[in-house]
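S.K.: Starting off with a structure, shown below.
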Amino acid sequence: MNIPSDLKYTKDHEWVSIYGEIATVGITDFAQKELGDIVYVEVETLDQTLEKDAVFGTVEAVKTVSDLFLPLSGEIIEFNDNLGSTPETVNADPYGKGWMVKVKISDASQIEELLSSEDYKTLIGA
C-alpha cells in the first residue's frame, strides 16, 4: 500500500499536501481500495469557506457513497475538474492526478493536528 511520507493524513482517510497557504486534498490509497471502483466525485463547495471536518463533497463508488471531510479550515479555491469526466483517476492515481480540491488555509495551527505517514500506517494497521 502506498503511503507517501511527505504528506499529512486524517483519520477519515484524506491526504493533505501543503505548499505555503494552499493545501491540496484527496483520498488515500487505502480509502480508494476500500471504496472500490469510483464512479463519481461531487464537490459543490467551490468558493466556500468551511470549517475543519466539514463535509466538502462526496465520492461515489459502485456500492457506496462516502462523505469527504475537510482536513483544514479554509476556502475551497479549486476542484479537480478532470474528475467530472474521469472519476476513476482517483483509483488509478490517488496521490497525483486523482487529487480533489485545493484549499486556502485559514488556520495554519490545524496542520499540527494532522497525522504523519507513520501515524496513518498505525491507524490502518499497515
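The values are calculated or read from the model by the stated rules, or taken from the named source; none is laboratory data. The structure displayed is predicted, hence computed values, not measured ones. As a convention, Cβ positions derive from the backbone with ideal geometry for all residues, glycine included, and neighbour counts pool all protein chains shown. Areas reflect the complete protein model, heavy atoms only, side chains present, ligands, DNA and RNA absent. Shrake-Rupley method; radii C 1.70, N 1.55, O 1.52, S 1.80 Å.
S.K.: 5 Å is the cut-off here: which amide hydrogens, built 1.01 Å from N in the peptide plane, fall below it relative to Phe56, excluding neighbours closer than 5 in sequence?
M.R.: Amide H to amide H, under 5 Å and 5 or more residues apart or across chains, Phe56 pairs with Leu68, Phe69, Leu70.
S.K.: Which of the trypsin sites (Lys or Arg not before Pro) across segment 1-42 are loop residues per DSSP, with 16 or fewer other Cβ within 10 Å?
M.R.: Counting only loop positions with at most 16 other Cβ atoms within 10 Å, the trypsin sites (Lys or Arg not before Pro) in segment 1-42 are Lys11.
S.K.: Give me a comma-separated list of calculated 3J(HN,Hα) values for segment 25-32, in order, Karplus coefficients 6.51, -1.76, 1.60 applied at θ = phi - 60°, integers in Hz, x for any Gly or Pro.
M.R.: 10, x, 9, 6, 4, 4, 4, 5
S.K.: Hey, another quick one. I'd like the Karplus ³J(HN,Hα) series for segment 63-73: coefficients 6.51, -1.76, 1.60, θ = phi - 60°, whole numbers in Hz, and an x wherever there's a Gly or Pro.
M.R.: 10, 7, 10, 10, 6, 10, 10, 6, x, 9, 5
S.K.: How much of the accessible area of segment 55-109, in percent, comes from carbon and sulfur atoms when a 1.4 Å probe is used?
M.R.: On segment 55-109, the fraction of accessible area on carbon and sulfur atoms equals 47 percent.
S.K.: Turning to a different aspect of this structure: Which value, in debye to the nearest 20, describes the size of the charge dipole of the chain about its Cα centre when Lys and Arg Cβ atoms bear +1, Asp and Glu Cβ atoms bear -1, and nothing else is charged?
M.R.: Dipole of the chain, to the nearest 20 debye: 280 debye.
S.K.: If you don't mind, another one. Dipole size in debye (nearest 20) for segment 1-64 around its Cα centre, Lys and Arg Cβ +1, Asp and Glu Cβ -1?
M.R.: 240
S.K.: Now for a different question. Mind listing the long-range amide H neighbours of Ala61? Cut-off is under 5 Å, sequence gap 5 or more, other chains count too, H placed in the peptide plane at 1.01 Å from N.
M.R.: Under 5 Å from the amide H of Ala61: Val39, Ser66.
S.K.: Could you work out the relative contact order of the chain? I mean the mean sequence separation of Cα pairs under 8 Å and 6+ apart, divided by the number of residues, in percent.
M.R.: Across the chain, relative contact order equals 31 percent.
S.K.: Within segment 5-47, report the GluC sites (Glu not before Pro) that DSSP leaves as loop and that have at most 13 other Cβ atoms within 10 Å.
M.R.: Filter output for segment 5-47: Glu21, Glu44.
S.K.: Whole-Hz Karplus ³J(HN,Hα) for segment 118-123, in order, using 6.51 cos²θ - 1.76 cosθ + 1.60 and θ = phi - 60°, x for Gly and Pro?
M.R.: 5, 5, 5, 4, 5, 4
S.K.: Name the residues whose placed amide hydrogens come within less than 5 Å of the amide hydrogen of Asp93, ignoring near sequence neighbours (fewer than 5 apart) on the same chain.
M.R.: Gly98
S.K.: Do you know the relative contact order of segment 68-126, to the nearest whole percent, from alpha carbon pairs under 8 angstrom that are 6+ apart?
M.R.: 40
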